[in-house]
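A.B. asks: Below is one structure. I have some questions about it.
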Amino acid sequence: MKKYIFIACILLQVGSLVAQSVTGSVFESIDGENQALVGANIVQLNSVNGTTSDLSGQFKLDLLQDKPQFVVVSFVSYKSDTLEVLDNNSLKIVLSVSNDLDEHQVVARQRGSFVSRQETLGIISINEGELQKAACCNLSESFENSASVDVSYSDAVTGAKQIKMLGLAGIYTQFLTENIPNYRGLSTAYGLGYVPGSWMESIQVSKGTSSVINGYEAMAGQINIEFKKSEEGDKLFVNAYTNQDGKVELNVNTRFSLNKKWSTAILAHAEHLGNKIDMNDDSFLDMPLVSQVNFFNRWKYKGDNFRFQFGIKYLAEERQGGQINFLKGSERTSSNPYGIGVKTNRLEGFAKIGYIFKHRAASSWGFQNQVVMHEQNSFFGLNDYNAKQFSYYGNLMLQSWIGDSRNQFTTGLSYTLDNFDEDLNDSTFTRIESVPGVFAQYTYSNKSNLNVIAGVRLDYHNLYGLLFTPRLHAKYNIDEHNIIRASGGKGYRSASVIAENTSLLASSKRFMFLEDLNMESSWNLGLSYTSYIEIGGRELVLTADYFHTQFQNQIIIDREQDLQTIYVYNLAGISRSNSFQIEAFYELFKNFEVNLAFRYNDVMTTITDKFVEKPMVNKYKGLISLSYQTPYKKWQFDLNTQFNGDQRLPYTGFYPEEYQLEERSPAYVIMNAQITRYFKKWDVYIGGENLTNYRQENPIIASDDPFGEYFDSSVVWGPISGIKIFAGFRFKIEAKK
């Protein structure tokens with residue numbers, strides 16, 4: 001009898017979980033006629049319990065009783081539909097094409113930086129709200145609250161900034177603008193300053209290898225920039241900024257629709273810093289004098305199935321730095337003050353063509369094109385560096401599905417052309433890189449808890465031969481609150497040694513190439529775990545990740561063998577990076593967000609036949625970000641604190657004692673804060689950077705003898721200037737709805 005009672009209890013338990021089954025059919029309307037929609041997703045509301053429609057559009061789903069008795073029906077490029085399940089009913093759902101989204105009122109505060117639960121790749125999305133938590137004058141200042149991306153000055157005279165991801169230099173991170181590779185080659189040194197903050201709609205950051213669709217270059221990560229669009233957003237946006245150093249910026253964005261299909265947008269930016277400031281009295285400007293004009297005009301045609309957009313960007317920038325008494329245009333001799341000058345003209349044009357198949361859902365083809373012409377004329381003391389770059393990128397893609405939407409694919413052809421012409425003093429370096437390629441990527445989703453993306457591409461490089469690039473990404477939902485992601489793959493990169501290391505030109509050192517340089521290549525493996533924990537009615541998000549990069553070949557920039565020589569050669573040994581990071585996000589109380597993070601880097605490489613810690617890489621970094629927004633969004637207060645760990649400094653034992661550096665830099669703390677007041681059409685903000693007033697003492701070695709054999713401005717590990725107070729406003733006119 002006890003056995004039968006036990007079995008009955010088990011059956012009751014099962015019956016309490018599975019309440020009923022729902023059946024139905026999913027259709028799409030084509031020319032007024034309903035046709036079966038294969039592979040549509042049918043998921044029970046607030047759960048991962050789901051299924052897909054079969055070849056006849058039919059489905060059956062057993063519902064869980066402890067979840068809402070509603071199902072959400074969705075398919076890519078179609079409007080989702082939510083339906084209540086009544087007793088013994090069969091559903092008939094007709095999905096419509098998602099051209100226009102219904103208007104919804106946002107009640108909760110959206111996170112400014114987040115990782116989507118649905119994305120297979122652990123892409124960190126940074127939206128406009130997050131970008132406005134700081135002055136965000138350009139791309140280099142957009143990662144102030146990021147634990148994954150480090151930004152620092154590359155030297156103490158040019159004002160150029162560089163990023164690091166996974167403990168590796170920014171050259172190993174692929175930059176995209178709206179999914180087109182950009183800011184490569186000559187733009188590497190100053191490219192972070194070419195993207196005004198007010199132009200950006202969002203930024204997507206992914207660590208490790210990325211999709212094969214965008215090429216073979218993403219070795220440590222990928223950063224994609226989405227600009228403000230012509231068909232949506234504010235009709236007019238104006239942003240003005242100034243700081244205590246006298247730097248002023250003005251941004252004006254406007255957009256309008258010509259008709260239902262054509263729209264255009266104009267984005268303009270101008271900045272100027274003309275004050276000469278030397279806070280540490282080393283006779284050198286703390287920041288160079290900079291003037292920049294930046295213009296972007298984009299157009300879009302949006303038909304029922306055919307889409308077309310194109311645009312043109314132009315940038316003109318001039319930098320002047322060096323000793324405070326240096327005069328622009330003066331004769332450059334060792335008897336006059338030391339100066340640097342960088343003049344850049346850059347022209348970009350892009351065109352995208354796309355067609356959505358009328359009778360095959362979620363299927364389309366697209367063709368991306370971009371042309372870049374970049375010219376730089378510069379001098380660093382007595383070093384002259386002038387260079388030109390012409391680049392073309394083309395990518396033809398087809399995406400669709402096999403059987404149903406659980407099996408999707410993207411395949412296509414690509415072509416990249418780079419023509420470099422560089423003159424360094426009396427040496428000329430020219431090269432043409434021509435790379436046709438083919439790629440295929442398969443995406444599988446069981447519409448429940450497993451997503452897999454497998455991709456491969458073959459490229460033929462005219463200088464380095466055949467390049468084989470396999471990559472794999474997977475996401476597994478353990479349950480509704482725990483997600484594991486894994487990635488692995490190979491990456492390649494062709495180095496532009498001088499353009500990527502112009503900071504070393506502001507020194508007494510000279511480049512010496514010991515051998516012909518090969519393609520850089522590496523394998524990257526990554527593992528990430530995310531947990532969503534409900535505490536007090538709010539969600540605590542915990543993320544831990546680990547990434548390992550192993551180089552097969554790396555171009556070594558060896559500045560530790562000799563006082564006046566920078567040796568450049570291929571890796572002869574081991575070079576690898578291990579990066580571990582843990583991050584926590586929680587809304588402590590309504591509209592008060594707390595973000596905590598800690599990262600540890602272990603980066604080792606072989607230099608002069610010695611396996612040593614790579615110089616100029618922080619051993620660790622801690623981050624505390626606090627953000628509070630008052631009710632009705634009247635005020636916002638943001639505070640960011642960074643704990644920067646020590647790093648090994650380049651060996652300077654062959655310098656005189658007064659110029660020798662410590663073996664390691666000290667750890668230090670930086671605090672940034674901003675207060676924003678919101679009005680109906682206006683935002684006014686005031687803030688401060690480096691509120692701890694921490695500065696690297698004497699960032700320039702032998703600043704008293706800039707034309708001597710010991711001069712070096714490239715060993716910069718900390719802030720160059722102290723507290724910086726800034727203020728500005730934003731004005732916008734929203735488009736009529």
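Every read-out reported here was derived from the displayed coordinates using simple, explicitly stated rules and does not represent laboratory data. Treat the numbers as computed from the prediction; the structure is a model and nothing was measured. Every residue, glycine among them, receives a Cβ derived from its backbone with ideal geometry; neighbour counts consider all protein chains shown.
A.B. asks: Under 5 Å between amide H atoms, partner at least 5 residues away or on a different chain: which partners does residue 635 have, H built in plane at 1.01 Å?
C.D. replies: 630, 678
A.B. asks: Moving on to the next point. Straight-line reach from residue 681: which lysines have Cα under 22 Å away, leaving out those fewer than 8 places along the same chain?
C.D. replies: Candidates past the 8-residue exclusion: 133, 228, 229, 235, 633, 634, 732, 736, 737.
A.B. asks: Still on this structure, I have one more. By the scheme Lys and Arg +1, Asp and Glu -1, what is the net charge of all other residues having a beta-carbon under 11 Å from that of residue 608?
C.D. replies: Value of the local net charge: -2.
A.B. asks: What are the ³J(HN,Hα) couplings of region 467-476, residue after residue, when phi is run through the Karplus curve with 6.51, -1.76, 1.60 and θ = phi - 60°? Round to Hz, x for glycine and proline.
C.D. replies: 3J(HN,Hα) across region 467-476, in whole Hz: 10, 10, 10, x, 8, 9, 10, 9, 10, 10.
A.B. asks: Something else: Rounded to two decimals, what ratio of Rg to Rh does region 336-469 give with C-alpha atoms and a Kirkwood Rh?
C.D. replies: 1.18
A.B. asks: Out of [x] 31.8, 114; [y] 27.7, 107; [z] 44.8, 164, which label holds the value of Rg and Dmax of the Cα atoms in Å that was computed here?
C.D. replies: [y]
A.B. asks: Right, something else. Under 5 Å between amide hydrogens, which residues at least 5 positions from residue 63 or on another chain qualify, with H placed 1.01 Å from N in the peptide plane?
C.D. replies: Placed amide hydrogens put 19, 20, 21, 22 under 5 Å from residue 63.
A.B. asks: For region 673-686, just list the computed ³J(HN,Hα) in residue order, Karplus coefficients 6.51, -1.76 and 1.60, θ = phi - 60°, integers in Hz, with x standing in for Gly and Pro.
C.D. replies: 9, 8, 10, 10, 10, 9, 10, 4, 10, 10, 10, 10, 9, 9
A.B. asks: Compute the distance in nm between two label points, each set 7 Å from the Cα along the Cα-to-Cβ direction, one at residue 531 and one at residue 709.
C.D. replies: Each label point is offset 7 Å from its Cα along the Cβ direction, giving 6.0 nm.
A.B. asks: Sticking with this one: For residue 58, list long-range residues whose amide hydrogen, built 1.01 Å from N in the peptide plane, is under 5 Å from its own amide hydrogen.
C.D. replies: Residues meeting the amide H criterion: 26.
A.B. asks: Cβ neighbours within 10 Å, averaged per peptide: list 172-182, 234-244, 158-168 in order, most packed at the top.
C.D. replies: 158-168, 172-182, 234-244
A.B. asks: Considering the convex hull of the alpha carbon atoms of region 397-548, report its projected area averaged over all viewing directions, in nm², one decimal.
C.D. replies: Convex hull of Cα atoms, orientation-averaged projection: 14.2 nm².
A.B. asks: If packing is taken as the mean number of other Cβ atoms within 10 Å per residue, what is the order of 191-204, 556-569, highest first?
C.D. replies: 191-204, 556-569
A.B. asks: Using the Karplus equation 6.51 cos²θ - 1.76 cosθ + 1.60 (θ = phi - 60°), what ³J(HN,Hα) coupling, rounded to whole Hz, does each residue of region 609-618 give in order, writing x for Gly and Pro?
C.D. replies: 6, 10, 8, 10, 5, 5, x, 6, 10, 4
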